[in-house]
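Single-structure report; data block below.
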Amino acid sequence: MLEAGFCRSRETVNVLMECIVDTCLCGLLFYAWGFAFMFSHGNGLIGLNWFFLQGAPATYESSGVAFLAFWLFQFAFADTCSTITSGAMIGRTGFIGDLLYSFGVSGFIYPIIGHWAWGPDGFLVTMGSKDGFLPFLGTGFHDFAGSTVVHTIGGIHCPGGCDCPRAAFGSSVQARRWRANVAP
């Protein structure tokens, strides 16, 4: 609803549909492999267990939090990461472009980078430890309430998502200026 308020009235239905489809697609991908990539044990780069939540314990690790409650909470972050950029791309990409972007971010980019910072054995989590990444630092990576992972991924994709589609099809501001000043 917030994104629909910031777009032109002719784009409102498309924006609302994109938000619903983004959330559904993110839910399916996060259930199928996103959560496994992000929060299961594996190596420093990616998790390797719990695909389709198979073999998941009743509670997540030693937190005591019910596993499905933890999954739902983390799904909200994954969806937020995906919709940050889709809000910036309103009117700049079509429906298919938004689906492709959401597939990439929800299914691969966010879960893998999230594993680095939040996974049980991600390389940023173990950074500074004796057997971890950069042991001479003596301190690990600390994320404040998810702001680093969620908003950095969304924010880094915004400029590319806003400018690349327009530049590729010749409708960027620079291309219009060039055509107005140079073309006959």
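Points worth noting:
- Residue, farthest from ILE112 (Cα to Cα), within segment 3-44, restricted to residues that are surrounded by fewer than 16 Cβ atoms within 10 Å (Cβ to Cβ) and of a type in the set (Phe, Trp, Tyr): PHE6
- Breaking point among (1) in contact with a Gly (Cβ under 9 Å, 6 or more places away or on another chain); (2) part of a helix (DSSP H, G or I), for ASN49: (2)
- The residues of segment 112-147 that are among the aromatic types (Phe, Trp, Tyr) and either touching a residue at least 24 places away in the same chain (Cβ under 8 Å) or assigned to a loop (DSSP other than H, G, I, E, B) (or both), listed by number, are TRP116, TRP118, PHE123, PHE133, PHE141, PHE144.
- Any chance HIS151 is modelled with pLDDT of 80 or more, open to solvent by 70 Å² or more (accessible area, probe 1.4 Å) and within 15 Å of the chain's Cα centre (by Cα): yes
- Among the residues of segment 35-90, just one is among the charged types (D, E, K, R) and under 16 Å from VAL150 (Cα atoms), namely ASP79.
- Flag if GLY47 is open to solvent by 20 Å² or more (accessible area, probe 1.4 Å), touching a residue at least 60 places away in the same chain (Cβ under 8 Å) and not hydrophobic (A, V, I, L, M, F, W, C): no
- For segment 104-143, a residue qualifies if it is open to solvent by less than 40 Å² (accessible area, probe 1.4 Å) and among the small types (Gly, Ala, Ser), and the qualifying residues are GLY104, SER106, GLY107, GLY114, ALA117, GLY119, GLY122, GLY128, GLY132, GLY140.
The values are calculated or read from the model by the stated rules, or taken from the named source; none is laboratory data. Just so it is clear, the model here is predicted, and its values are computed rather than measured. Virtual Cβ from ideal backbone geometry, glycine too; neighbours counted across all protein chains shown. These accessible areas exclude ligands, DNA and RNA; they are computed on the full protein's heavy atoms, side chains included. Shrake-Rupley method; radii C 1.70, N 1.55, O 1.52, S 1.80 Å.
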